[in-house]
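Trainee: Following this message is one structure expressed as structure tokens.
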Amino acid sequence: MSDAAATGPSGQSPDFDSMTRDIADVPAVEVITTVAVHLMSSAAVNLGLAEEGEKHKDLDEARKLIQALAGLITASATEIGSYHAAPLRDGLKSLQLAFREASVVPDEPGQGPGEKYTGPVFG
């Protein structure tokens with residue numbers, strides 16, 4: 001790592017011990033849900049659901065993000081509990097349906113992004 005990469009914006013070295021303590025104080029459920037929300041937001045943008053949607057539409061990228069989101073939600077659902085998992089599942093299903101609608105040639109049921117984890121998604 002270069003000296004420039006090892007220093008912060010002020011030219012000072014970051015306090016890695018402090019950063020480690022800070023992240024250690026964040027509950028796992030918060031980290032998991034935060035990552036899920038970032039994946040959802042990015043997938044929505046790549047589905048063209050944001051302002052200037054067509055400008056940012058990239059279904060290949062959206063597929064990857066939805067697949068990762070489905071894996072994260074499925075793997076963590078029992079750990080984060082239904083209170084946190086239920087809205088994430090709802091958001092995932094909405095993205096999967098939006099992907100199906102946005103696709104010129106829709107995937108077969110059960111073959112869409114994330115459906116290997118969630119099963120076929122129907123409207």
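Trainee: Which pairs have Cβ atoms under 6 Å, sit 6 or more apart or on different chains, and link a residue in region 54-77 that is touching a residue at least 24 places away in the same chain (Cβ under 8 Å) to one that is aromatic (Phe, Trp, Tyr) and open to solvent by 80 Å² or more (accessible area, probe 1.4 Å)?
Mentor: Correct list of pairs: 70/117; 71/117; 74/117.
Trainee: Going by the structure shown, is residue 91 part of a loop (DSSP other than H, G, I, E, B) and either open to solvent by less than 40 Å² (accessible area, probe 1.4 Å) or modelled with pLDDT under 95 (or both)?
Mentor: No; evaluated as a whole, the condition is false for this residue.
Trainee: Right, here's the next one. From the set of residues in region 15-36 that are β-branched (Val, Ile, Thr) and without any contact (Cβ under 8 Å) to a residue 24 or more places away in the chain, which is most open to solvent (accessible area, probe 1.4 Å)? First the steps, then the outcome.
Mentor: As a first pass, look at region 15-36 and keep what is β-branched (Val, Ile, Thr): 20, 23, 26, 29, 31-35.
Subset that is without any contact (Cβ under 8 Å) to a residue 24 or more places away in the chain: 20, 23, 26, 31, 34.
Values: 20: 86, 23: 107, 26: 50, 31: 61, 34: 64 Å².
Out of the qualifying residues, it is 23.
Trainee: Return a yes/no flag: does region 47-61 have any residue that is buried (at least 18 other Cβ atoms within 10 Å of the Cβ) and not in a helix (DSSP H, G or I). Break it down stepwise before answering.
Mentor: Step one: of region 47-61, the residues buried (at least 18 other Cβ atoms within 10 Å of the Cβ) are 47.
Of the ones still in play, those that are also not in a helix (DSSP H, G or I) are 47.
Yes, region 47-61 contains a residue that is buried (at least 18 other Cβ atoms within 10 Å of the Cβ) and not in a helix (DSSP H, G or I).
The values are calculated or read from the model by the stated rules, or taken from the named source; none is laboratory data. The structure presented is a predicted model; accordingly, all values stated were derived computationally and were not measured. Every residue, glycine among them, receives a Cβ derived from its backbone with ideal geometry; neighbour counts consider all protein chains shown. The protein model used for the area step is the full one, side chains on, heavy atoms only, and it has no ligands, DNA or RNA in it. Shrake-Rupley method; radii C 1.70, N 1.55, O 1.52, S 1.80 Å.
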